[in-house]
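Before any comments, here is the structure.
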Amino acid sequence: MQMTAHAPDGCPALVLNADYRPLSYFPLSLWSWQDALKAVFLDRVEVVAEYEREVRSPSFKMKLPSVVSLKTYVRHSRSPAFTRFNVFLRDSFTCQYCGSTERDLLTFDHVVPRSKGGRTTWENIVAACSPCNLRKGGRMPREARMFPARTPARPTMFELNERGRAFPPNYLHESWRDFLYWDSELEP
Ligand SMILES: [Zn+2]
């Protein structure tokens, strides 16, 4: 089926799990319209909402899906990957020492410094702004009198998703809003 003739730009589809919750909040689970259509034809998803725009071929016409839901529930893995992004997300992109949320200044701190045997693990890495990181230097928290706001630990997928809900993407199509709860269910 050739459908490139009237291919629209953008028009990503929000991807919901079989329970109608987004597959992931942050980054928000979105598929390109091509991937969304492919999944529709493979019968892997149901179309929940549509854009006004359509794709056309001589024999075929279809509105682009704006929200799809998986037919099979995807279980989230229990332990998220130890990545820069996930550490930032666990710490809500907030310096764990001074509370700064300036993204440009955000880096990492070894709570127990590497020079003192501190490992690079969920339990010993926190998000910190570079001024705090410099100020603490190679000292132990007690020496520097700098303690992380939250004791660092390995988060669950659920916790990361909950954190992610506090960071709405720049663009939300109106048909997505019913499935996202950026404001209503957030902790104060
Ligand atoms: Zn700081």
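None of the figures in this text is laboratory data; all of them are computed from the coordinates on show. Note that the structure is predicted; figures quoted are calculated from it, not measured. Virtual Cβ from ideal backbone geometry, glycine too; neighbours counted across all protein chains shown.
Quick notes
- For the stretch 38-188, the dipole from Cβ point charges (+1 on Lys and Arg, -1 on Asp and Glu) about the Cα centre works out to 820 debye, to the nearest 20.
- Long-range HN-HN contacts of GLN96 with modeled amide H, under 5 Å: ALA127, ALA128, CYS129
- In order along the stretch 45-59, the Karplus-derived 3J(HN,Hα) couplings, from 6.51 cos²θ - 1.76 cosθ + 1.60 at θ = phi - 60°, round to 9, 9, 7, 9, 8, 10, 7, 6, 6, 10, 9, 9, 10, x, 10 Hz, and Gly and Pro are given as x.
- Only beta bridges with both residues in the chain are counted; by DSSP, about 85 percent of them are antiparallel.
- Karplus-derived 3J(HN,Hα), 6.51/-1.76/1.60, for each residue of the stretch 110-123, Hz, glycine and proline x: 7, 4, 8, x, 4, 5, 10, x, x, 9, 8, 9, 3, 7
- Peptide ranges 20-28, 51-59 listed from the most packed, as the mean C-beta count within 10 angstrom indicates: 20-28, 51-59
- The calculated FRET efficiency for SER115 paired with PHE167, based on their beta-carbon distance and R0 = 45 Å, is about 0.85.
- Environment charge at THR72 (Cβ cut-off 12 Å; Lys +1, Arg +1, Asp -1, Glu -1): 0
- The label-point distance for MET140 and ARG75, in a model that sets each label 7 Å from Cα toward Cβ, rounds to 4.2 nm.
- Taking every lysine pair in the chain that is 8 or more places apart or spans two chains, those with Cα atoms closer than 30 Å amount to 6.
- Dipole check for the stretch 84-144: with +1 at the C-beta of Lys and Arg, -1 at the C-beta of Asp and Glu, and the Cα centre as origin, the magnitude is about 240 Debye.
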